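Q: Here it is: the structure, laid out below.
The values are calculated or read from the model by the stated rules, or taken from the named source; none is laboratory data. Because the structure is predicted, anything quoted here is derived from the model rather than measured. Here the Cβ positions follow ideal geometry from the backbone for every residue, glycine too, while neighbour counts run over all protein chains shown. What goes into the accessible areas is simple: the full protein's heavy atoms, side chains included, and nothing from ligands, DNA or RNA. Shrake-Rupley method; radii C 1.70, N 1.55, O 1.52, S 1.80 Å.
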Amino acid sequence: SRGAFYAIDTPKMKKFIEPYKKLAKAYPTCWAILSYDCVMAIADAVKKAKSFDRDAVAKVLESSDFDTLRGKLSFRAIDHQMNSPEYFATSYFDKEKGFSLGKDVVVVPGESLFRSVESVKKAREKAGIQFVPWTAK
C-alpha cells in the first residue's frame, strides 16, 4: 500500500484518523490518504507560489517538500513522481476492527522505486517526447 493508516506513525496521521472515522464511519483507505495528501500539497504549493497561476504552482510542486500524512514528501522535476513510500506487511484479521490489517510492516522508501533519470530521458528520447521541467523554464 502507499497509504496504510495502521503503518504510518506521524503526528498528522494520528490527528487525521479520528475525525475521518467520525465523518466517514470507517477507517481511512489508502485512496483517502493519497487524495488528502494531494489536495493539501496543491494547497501548500498555491500558498508558497502566492498565486493560482499554473506555472508558478508547478514550479513550487517541482521544487518543494510537502508535509503530508505520510511525512515530508516531494515530487521529482524530471517526471513528477512523488517519493511516496510503499508499505508491505503480512495480513491478519483484526477482530476488534472487523477487517484485515498488516503486521510486521516493511517501509520501502519511494526514492528506491524511482527509475533512473537516465532511463527516463532515454525512454522519452526513444518515444520522441520532449520534456522540460517547469523549474527549468
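Q: Any idea of Val132's accessible area? Nearest 10 Å², probe 1.4 Å.
A: Looks like 80 Å² after rounding.
Q: Which of Lys21/Lys47; Lys47/Lys103; Lys14/Lys103 have a Cα-Cα distance over 26 Å?
A: Lys21/Lys47; Lys47/Lys103
Q: Moving to a separate point now. List the lysines whose Cα sits under 25 Å from the Cα of Lys50, skipping any in the same chain fewer than 8 residues away.
A: In chain and number order, the partners are Lys12, Lys59, Lys72, Lys137.
Q: Where nothing but the Cβ of Lys and Arg (+1) and of Asp and Glu (-1) is charged, how large is the charge dipole of the chain around its Cα centre, in debye to the nearest 20? Could the numbers behind the result be given before it?
A: On the way: 24 positive and 17 negative charges, 55 e Å.
My answer is approximately 260 debye.
Q: With every protein chain present, what accessible area does Glu111 have (1.4 Å probe, heavy atoms only), rounded to the nearest 10 Å²?
A: Approximately 100 Å² of Glu111 is accessible to the 1.4 Å probe.
Q: Could you give each residue of the range 36-43 its phi-based ³J(HN,Hα) in whole Hz, using Karplus coefficients 6.51, -1.76, 1.60 with θ = phi - 60°, and x for Gly or Pro?
A: Taking θ as phi minus 60°, the curve returns 4, 4, 5, 4, 5, 5, 5, 4 Hz for the range 36-43.
Q: Where the accessible area of the chain is counted over protein heavy atoms with a 1.4 Å probe, how much of it, in %, is carbon and sulfur?
A: Values: 5200 of 9120 Å².
That share works out to 57 percent.
Q: List the residues whose amide H sits under 5 Å from the amide H of Asp65, counting only those 5 or more places along or on another chain, with H placed 1.01 Å from N in the peptide plane.
A: none
Q: Run through the range 34-124 and list the chymotrypsin sites (Phe, Trp or Tyr not before Pro) located in a DSSP loop whose Cβ has at most 10 other Cβ atoms within 10 Å. Show your work: numbers first, answer last.
A: On the way: sites: Tyr36, Phe52, Phe66, Phe75, Tyr87, Phe88, Tyr92, Phe93, Phe99, Phe114; in loops: Phe52, Phe114.
For chymotrypsin sites (Phe, Trp or Tyr not before Pro) across the range 34-124 that sit outside H, G, I, E and B with at most 10 neighbouring Cβ atoms in 10 Å, the list reads Phe52.
Q: Calculate one ³J(HN,Hα) per residue across the range 23-30 by plugging θ = phi - 60° into the Karplus curve 6.51 cos²θ - 1.76 cosθ + 1.60, and present them in order as whole Hz with x for glycine and proline.
A: Running phi through 6.51 cos²θ - 1.76 cosθ + 1.60 with θ = phi - 60° gives 6, 8, 6, 6, 6, x, 7, 4 Hz.
Q: Any idea what Rg and Dmax come out to for the chain if you just take the C-alpha atoms, in Å?
A: 17.6, 54
Q: If one computes the Cα centroid of the range 1-65 and of the range 101-137, what distance in Å separates the two points?
A: 20 Å
Q: Taking the solvent-accessible surface of protein heavy atoms with a 1.4 Å probe, what is the per residue accessible area of the chain in Å²?
A: For the chain, the solvent-accessible area averages 67 Å² per residue.
Q: Here is a follow-up. For the chain, what is the mean residue ellipticity at 222 nm derived from helices alone (per DSSP H run of n ≥ 4: -39500 (n - 2.57); sum divided by total residues; nearest 500 deg cm²/dmol)? Please list the in-between numbers first.
A: On the way: 4 runs with 55 residues, N = 137.
Helices in the chain give a 222 nm mean residue ellipticity of -13000 deg cm²/dmol.
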